[in-house]
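The structure under discussion appears below in the form of C-alpha cells.
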Amino acid sequence: MTFNFSIICRKHSLNVVAPSLAILSLLVSAFALASNETSPAIGLNLGWDNHYITEGRNNLTKGGIAWAAATAEHNDMVVFAVVGRADQVHYTEWNAGLEYALHFHDDVDATIGYQRLEFYGDERASDNEFFSSIAYKGIDWIIPAIHYTYATEASGYFVTVSLHNPWEINSQFTFTPYLSQGFDFGYSSEKHNGANHVQFGLEAEHQFNDNLALTAHISHSIALEDIKQQAQADGQLGSLDETYAGVYFSWGF
C-alpha cells in the first residue's frame, strides 16, 4: 500500500464521525473478507517523519507527523485506514480506502484504488482521490514505475515517475536508492502545469521475521518550475528544497 496525501495546514478540531466511519469501513470489509474460505492478512503500521513532505512541499509550518495504519488484504484487494497527527502544530488527517491489484504480466505490478481524505486543523476540509500505479520488475537491478493520482476537489492530477534500485544485502536487510520526478497538472497548484520536483533518497528495510519489519528512509526534494512559480505568487522566500527522514514499524498477522 502506498499512502498518498494532499494537505492544507489547519488548527486541530477533532471530529469523531469521519474517523469512526473509516474504522467501521475497515472492520466491515475485513469481516466480509474473512467470511471467504481463506482469512485476510491483517497489517498494522506505526511511523514518524520529521517533516510532512508531499509533492515536494512541506505541508506543516514546523515539526513532523506520526502515522498509524491498519490494512486488511485478501487475494487482490487491500482495504486500509490511516491516521496522521502532527507533533508540533494542530493538525490531524484521516484516510480510508481500498486498492486492487491488476494482473497484466508476471513482470508487471499494477494497481488501482480510491481513498477518502479528511483534514482537521485551522480549517476543515476533505477530498476524494483516485489513484493507479504500474511497475516493471523484469530487470534485476532497476524497477521503473509510474504513479498517477486524481483529486476531485482540485480537479487536477499528479504523475510521478520513479526508478528504484534494490540491493539485498542478506536475507533480512534490503537497501534501496531511488530517484523520482513529479509532474503537476492542477493537483498542487492551479497556474502552472508540468515539472514539479525531483526527489532522490535511500530506503532501508530490516525484516526481523515473516511478520515484523523496520523500514527507514532519508529523502531530498529539489523544487522545479511548478513549486517555484507557486512560491513566487505566494511571496515565499528562501530555499524551496526539502530534506526529510522517517522510520516505520510494520506487523503482519
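Looking across the stretch 197-253, the residues that are touching a residue at least 12 places away in the same chain (Cβ under 8 Å), touching a Leu at 6+ places or on another chain (Cβ under 6 Å) and within 25 Å of Gly186 (Cβ to Cβ) come down to His197, Ala223, Ile227. Scanning the stretch 39-63 for residues that are closer than 16 Å to Ser221 by Cβ and surrounded by 16 or more Cβ atoms within 10 Å (Cβ to Cβ) turns up Asp49, His51, Tyr52, Ile53, Thr54, Glu55, Gly56, Arg57, Asn58, Asn59, Leu60.
So which residues in the stretch 107-125 are surrounded by fewer than 18 Cβ atoms within 10 Å (Cβ to Cβ) and either small (Gly, Ala, Ser) or modelled with pLDDT of 95 or more (or both), if there are any at all?
Answer for the stretch 107-125, where residues must be surrounded by fewer than 18 Cβ atoms within 10 Å (Cβ to Cβ) and either small (Gly, Ala, Ser) or modelled with pLDDT of 95 or more (or both): Asp107, Val108, Asp109, Ala110, Ile112, Tyr114, Arg116, Ala125.
Inspect all residues belonging to the stretch 233-249 and state whether any of them is in a strand (DSSP E or B) and aliphatic (A, V, I, L, M). Yes: the stretch 233-249 contains one or more residues that are in a strand (DSSP E or B) and aliphatic (A, V, I, L, M). You will find that of Glu205, Glu225, Glu190, the residue that is among the acidic types (Asp, Glu), under 30 Å from Gly43 (Cα atoms) and in contact with a strand residue (DSSP E or B) (Cβ under 9 Å, 6 or more places away or on another chain) is Glu205 and no other. For the stretch 171-184, a residue qualifies if it is surrounded by fewer than 18 Cβ atoms within 10 Å (Cβ to Cβ), touching a strand residue (DSSP E or B) at 6+ places or on another chain (Cβ under 7 Å) and over 19 Å from Pro144 (Cβ atoms), and the qualifying residues are Gln172, Phe173. For the stretch 126-149, residues that are surrounded by 16 or more Cβ atoms within 10 Å (Cβ to Cβ) and aliphatic (A, V, I, L, M) total 4. Within the stretch 157-185, the residues that satisfy the criterion of being more than 20 Å from Thr111 (Cα to Cα), outside any loop (DSSP other than H, G, I, E, B) and not aromatic (Phe, Trp, Tyr) are Glu168, Thr174, Thr176, Pro177, Leu179, Asp184. The set of residues in the stretch 64-103 that are buried (at least 16 other Cβ atoms within 10 Å of the Cβ), touching an Asp or Glu at 6+ places or on another chain (Cβ under 6 Å) and assigned to a strand (DSSP E or B) comprises Ile65, Val78, Gly84, Trp94.
The values are calculated or read from the model by the stated rules, or taken from the named source; none is laboratory data. This structure is a prediction, so every number in the text was calculated from the model and none was measured. Note that we place each Cβ from the backbone using ideal geometry, even for glycine, and neighbour counts take in every protein chain shown.
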